[in-house]
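See below for the structure under consideration.
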Amino acid sequence: MKFGVIVFPGSNCDRDVVTVTRGLLEQPTRMIWHTETDIDDCDVIVIPGGFSYGDYLRCGAIARFAPVLGAVHKHASQGKFVLGVCNGFQVLTESGLLPGALVRNRDLQFVCDRVNLRVERTDLAWTHRYSAHQVITLPIAHGEGCYYADEATLAELEANRQIVFRYCSPTGTTETTANPNGSLHHIAGICNRAGNVLGMMPHPERACDAILGGVNGLALFESLLTGVAAPARR
């Protein structure tokens with residue numbers, strides 16, 4: 001499986017992803033500059049964290065107009081995989097590949113921490129190596145990570161089971177004190193209806209090596225490598 005990692009001016013987690021895909025998992029990976037438009041050779045596109053175009057105007061607002069985003073839309077429409085992490089999640093919502101928006105954190109402060117997440121779905125190519133409602137721990141680092149959508153969109157996300165990860169307590173309960181940014185419905189990550197596009201604020205690529213303090217993110221990448229043959233589970 002070949003990975004492509006998009007690099008915008010201001011990206012700073014691109015090499016973290018490459019360290020996982022090329023280094024730990026030994027998968028072919030190439031860095032894709034934001035002006036490129038030919039990504040047909042890639043099976044998975046990753047839009048990494050950072051500050052694309054300096055996050056001027058609004059996080060991800062300028063990146064949505066990058067030449068490469070047109071190719072990413074085509075890539076997703078063909079059923080190929082797209083992962084947006086942190087700023088990448090913001091780019092996915094700004095560009096319309098995922099619904100909703102990421103707005104300022106509840107307390108209007110940048111949050112850098114490790115948080116607990118509850119895995120809501122294990123029937124996706126991204127998550128079948130997790131167990132149902134498993135609680136995992138991943139790092140976060142964002143100032144605009146509060147997921148927001150209108151009530152109709154939230155109801156649709158719930159009905160279609162598009163919420164993939166929720167912020168939770170160590171025991172898996174959803175409560176205000178376990179929600180680091182005020183995200184509605186405790187949303188930490190969502191997918192599109194088809195399940196091939198995933199956006200999440202926590203950083204799985206920063207939790208793939210024990211030397212970094214945890215490996216809960218590795219299963220997401222390992223799931224993808226065998227996802228086509230993954231059994232459907234809830």
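Database remark: amide H of Gln134 closer than 5 angstrom to the amide H of Val119 (H placed geometrically; neighbours at sequence offset of 5 or more, or on other chains; Pro and chain starts carry no H).
Sorted by mean Cβ packing within 10 Å, highest first, what order do the peptides 84-97, 185-198 take?
Values: 84-97: 25.6, 185-198: 22.4.
By packing density, highest mean first, the sequence is 84-97, 185-198.
Compute the projected area of the convex hull of the Cα atoms of the chain, averaged over all viewing directions, and report it in nm² to one decimal place. Before the final figure, lay out each step's value.
Numbers: hull surface 45.5 nm².
Projected area, direction-averaged: 11.4 nm².
For Val7, nonlocal amide neighbours, meaning residues 5 or more places apart or on other chains whose placed amide H falls under 5 Å from its own, are Ile32, Trp33, His34. For the peptides 7-14, 201-208, the ranking by mean Cβ contacts within 10 Å, running from highest to lowest, is 201-208, 7-14. Convex hull volume of the C-alpha atoms in the stretch 71-175, normalised per residue: 120 Å³.
Calculated [222 nm] ellipticity per residue, helices only, for the chain: -5000 deg cm²/dmol; basis is -39500 (n - 2.57) per DSSP H run with n ≥ 4, divided by all residues, nearest 500. Entry note, the chain: relative contact order of 19 percent, from Cα contacts under 8 Å with a spacing of 6+ residues.
Rounded to the nearest 20 debye, what is the charge dipole size of the stretch 3-229 about its Cα centre when +1 sits on each Lys and Arg Cβ and -1 on each Asp and Glu Cβ?
Numbers: 17 positive and 23 negative charges, 30 e Å.
With Lys and Arg at +1 and Asp and Glu at -1, about 140 debye.
Each value in this text was obtained by applying a stated rule to the coordinates, not by laboratory testing. Everything quoted here is computed from the prediction, not taken from an experiment. We place every Cβ from the backbone using ideal geometry, glycine too, and count neighbours over all the protein chains shown.
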